[in-house]
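The values are calculated or read from the model by the stated rules, or taken from the named source; none is laboratory data. Keep in mind it's a predicted model, so treat the numbers as computed, not measured. Using ideal geometry, Cβ is built from the backbone for each residue, glycine included, and neighbour counts are taken over all protein chains shown.
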Amino acid sequence: MAALLIPITVFLLAAFVGFELITKVPPTLHTPLMSGANAISGITIVGAILAAGTSSGTLATVLGFVAVVFATINVVGGFLVTDRMLEMFKRDDR
Amino acid sequence: MNPTLAGFLYLVAAVAFILGIKRLASPATARSGNQFASAGMLLAVVVTLVDRQIVGYGAITAGMVVGAGIGAYLARSVEMTAMPQLVAAFNGFGGGSSALVALAELTNGTGLASRTLVTIAISIFIGSLTLAGSFIAFGKLQGIIDGRSITTPGQRILDPVFAVAALAAAVAIVVSDATYTGWILAAFAAVLGVTRTLPIGGADMPVVISFLNSASGVAAAAAGFVIESNALIISGALVGASGLILTNIMVKAMNRTLGAVLFSAFGASADISLGADSEDRVARRGSPEDVAVTLAFAKRVVIVPGYGLAVAQAQHTIRELATLLEGRGVEVRYAIHPVAGRMPGHMNVLLAEADVPYDLLFDLEDINPDFPSTDVSLVVGANDVVNPLARTDSTSPIYGMPILDVDRSNLVVVVKRSLSPGYAGIDNPLFYEDNTLMLFADAKKGLSEVVSAVKEL
């Protein structure tokens, strides 16, 4: 289990960075934050690509394929809809 | 590709995510922040694709084309009012992907190390639960599934049984390394996701979505442990943290605890008694013309929009009214309660869509001190979030909930269809105050009439 120590360290430090950054996001942007963060969690696409591209058996390839579809929906849809929302936020120019 | 170079580029991607979230600290830089994060994601995908481990590109290309098409279509066509269910659905896909990656690893590998098997089990469990829970949440918000709390007899006994079964399957994965154990775990986790989300009422869904968002982050991090990728671990931790913070904000704003939302069927809330003396009191009724006069001759107006405004699609009408008033020299601002919409910050997006500038939107803590010096507070489609009982009646279920203190302004105008209580089922004494004027109308129709009346002044 000693080998788990490094990934756990990375996880904890990143979680602290996350807490620090996210508490600074104003409430007015909480919906874009949530959809943007959601898109970032689509990083599992990396794992999905590896699973789809390195699998030998049919079942594993099918699983990888579906994983790629799901993750791409999450990533592409998430970033696009976040952009669509943020584009609407405008200052009072008068 | 050289593994060190690949690892370095993944790190660059992770830093792009961190910088992207950092730029969300201001609406002025937020859009570029989202572009930063997308660029990081593109880099991570390209690095993975050119990585020499990949033997076949067919399934990948097909999967990405299909996924990108579906994702782009959903992102472009969604109504802003439907944003909570879209986020829930995307969330579900993310969780599902994590679970599938882990299942593929389990199917593919033989003689996997026990630490890999542990993380595979965690990844399958959280991922599958997130997938199922998110789609139940989606169904409830979309109105496909009854939004009220759905409870089944025997659930208090069955849920722990399912949980124990899932745990047993997880142990079996680590011990036996057999593919079918992964499917059993995925199935039990999915059942738990369904049975744990069904009893939660529609009004509590924002909390569930935030919580599942956090879970999908943890699922991504767990998948990162499986494939030993720092990029996944860092991104997953970021998302997990963001989901937890937002969950906490929502829970506080609703005067609940996370445990109460997740483990008690409150959304139904049928047995809360109404104020006993509500029959004796008379609410002061105003016409659109009365409201127009009070608003047009005020100096400072605060608009308090609730979800009823969005349901009636009256965002543009309220914006039109605000513009008219500003033209007459009235200072108009908006007070946004954290649970004004169906997810954190939802009302802000809905108003932004109606071209309301974001610097006119104020949070609860910022605007509350200003109500005593406000001439007119215009409450549209909101109820519980302006109920003074939260301050005064320690026996009320909403006692202690942070509210907008509109009752402290000189005059309150409430646009509402009837005197009926809000989702918490609690009578609102604000409606019967001497300084309250009720305009009984659908938000859009009522506001349109006020707009016409102001134009004629």
request  = For the range B:97-119, state whether one or more residues are under 22 Å from the mean Cα position of the chain (by Cα) and among the small types (Gly, Ala, Ser).
outcome  = yes
ask   = In the range B:358-374, how many residues are crowded, with 16+ Cβ neighbours inside 10 Å, more than 25 Å from B:ASP427 (Cα to Cα) and over 26 Å from the mean Cα position of the chain (by Cα)?
value = 1
request  = For residues that are in contact with a Gly (Cβ under 6 Å, 6 or more places away or on another chain) and surrounded by fewer than 24 Cβ atoms within 10 Å (Cβ to Cβ), tally how many sit in the range B:17-54.
outcome  = 3
query = For chain A, which helices (runs of 4 or more DSSP H) that fit wholly inside it have 2 or more residues that are under 14 Å from the mean Cα position of the chain (by Cα), buried (at least 23 other Cβ atoms within 10 Å of the Cβ) and more than 7 Å from chain B (Cβ to nearest Cβ)?
reply = none
task = For B:ALA88, indicate whether it is in a helix (DSSP H, G or I) and not assigned by TED's automatic domain parsing to the domain that holds B:LEU232.
result = no
message = I'm told B:PRO372 meets every condition in (1) closer than 16 Å to B:ARG333 by Cα; (2) in contact (Cβ under 8 Å) with a residue 60 or more places away in the chain; (3) part of a helix (DSSP H, G or I) except one. Can you identify the failing condition by its number?
response = (2)
query = For the subset of the range B:59-76 comprising residues that are farther than 17 Å from A:ALA39 by Cβ and either more than 7 Å from chain A (Cβ to nearest Cβ) or touching a Leu at 6+ places or on another chain (Cβ under 8 Å) (or both), which member is modelled with the highest pLDDT?
reply = B:VAL65
query = Would the range B:39-56 turn up any residue that is among the hydroxyl-bearing types (Ser, Thr, Tyr), more than 7 Å from every other protein chain (Cβ to nearest Cβ) and not in a loop (DSSP other than H, G, I, E, B)?
reply = no
Given (1) in contact (Cβ under 8 Å) with a residue 40 or more places away in the chain; (2) closer than 21 Å to B:GLY446 by Cβ; (3) not aliphatic (A, V, I, L, M), index of the condition B:PRO402 fails = (2)
